[in-house]
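Every number in this text was worked out from the coordinates using simple rules, so none of it is lab data. The structure presented is a predicted model; accordingly, all values stated were derived computationally and were not measured. Don't worry about glycine lacking a Cβ; one is built from the backbone with ideal geometry, like all the others, and counts go over all protein chains shown.
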């Protein structure tokens, strides 16, 4: 059974994009978990009464398209690889179902929090004053040094805790590609991310994952996609994560 049918047969209450925005959590603590997609129906069944599910045009499994930007030397990738406490990502994300596109900056702070800022539109007009100002004010980079380095496509299920203090995203059917045509598909991998203001908050999903002995994992679509697809790039720090992905997806 495809995952959309699984969701439709469960008791999740739908929530609109406007209602889901009550729990934007643009400044938050993230926890990520990697699972085989075969486990997803059981997880969703266990938590169906604890969360709303974002639904657009009667669909809860929504397509996303993202283009990442970095310097020629891939400074942002290397900051992640070298485990620097302050890290940036710059991307253009298209939310296809809602027909929205945003230029987004994500900042991982030394205190382990994630801040996300965004403005509408993409990077097509890189000399635009609004885009240049946004990048300058939120990152140490300028539009002149940025280039498109990676693309990701995936489907996402978005859940919102019924107290609006938690968001959960479940990404599946991940595909990563480079502008010159290298591609890697990870069809059996699900990336589960729990987003809260404080990590101590109770989470029905986290509780269930602990019962299944599923532990948190470090994972970045941009970093892992780059490590998989860019020949000769420094990737030692990600070898164990890639081995773990292979174990999960071939289980």
Checklist entry - Based only on the alpha carbon positions, what is the Kirkwood hydrodynamic radius of region 20-76, in angstrom? => result 15.4 Å
Checklist entry - Label points 7 Å out from Cα along the Cβ direction at residue 22 and residue 119: separation in nm? => result 3.1 nm
Item to check | Angle between the chain longest axis and helix 239-249 axis [Cα atoms, degrees, rounded to 10] | outcome: 30 degrees
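Per the helix-only calculation at 222 nm, which mean residue ellipticity applies to the chain, given -39500 (n - 2.57) for every DSSP H run of n ≥ 4 and division by its residues, nearest 500 deg cm²/dmol? Walk me through the numbers before you get to the answer.
Details: 8 runs with 63 residues, N = 251.
Taken over the chain, the calculation gives -6500 deg cm²/dmol.
How much length would be gained if the chain were fully extended between residue 184 and residue 75, taking 0.36 nm per residue of separation minus their Cα-Cα distance, in nm to one decimal?
Numbers: separation 109, 0.36 × 109 = 39.24 nm, distance 2.22 nm.
Fully extending the segment from residue 184 to residue 75 adds 37.0 nm.
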Next on the checklist: Order these by the 10 Å Cβ neighbour count, fewest first: 171, 153, 70, 197.
Outcome noted: 197, 153, 171, 70
Checklist entry - Once the Cβ-Cβ distance between residue 208 and residue 65 is put in as r, and R0 is 30 Å, what FRET efficiency do you end up with, to the nearest 0.05? => result 0.50
Checklist outcome for this item: So the angle from the long Cα axis of helix 129-138 to the longest Cα principal axis of the chain, reported in degrees to the nearest 10, equals 70 degrees
Next on the checklist: I'd like the distance between the alpha-carbon centres of region 57-130 and region 2-34, rounded to an integer number of Å.
Outcome noted: 20 Å
Checklist outcome for this item: Once residue 199 and residue 84 are pulled to full extension, the length gained, defined as 0.36 nm per residue separation minus their Cα-Cα distance, is 39.3 nm
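So for the chain, Kirkwood radius off the Cα pairs, Stokes-Einstein at 20 °C and 1.002 mPa s: how many µm² s⁻¹? Kindly include the intermediate steps, with their values, before the conclusion.
Details: Rh = 18.9 Å.
The diffusion coefficient I find is 113 µm²/s.
Based only on other Cβ atoms within 10 Å, what is the fewest-to-most ordering of 86, 40? Present the calculation step by step, with values, prior to reporting the outcome.
Details: 86 11, 40 18.
In order of increasing Cβ crowding within 10 Å: 86, 40.
Which ordering of 193, 124, 19 is given by a fewest-first count of other beta-carbon atoms within 10 Å?
Listing 193, 124, 19 from fewest to most nearby Cβ atoms yields 124, 19, 193.
Order 43-49, 227-233 from most to least packed using the mean count of other Cβ atoms within 10 Å.
43-49, 227-233
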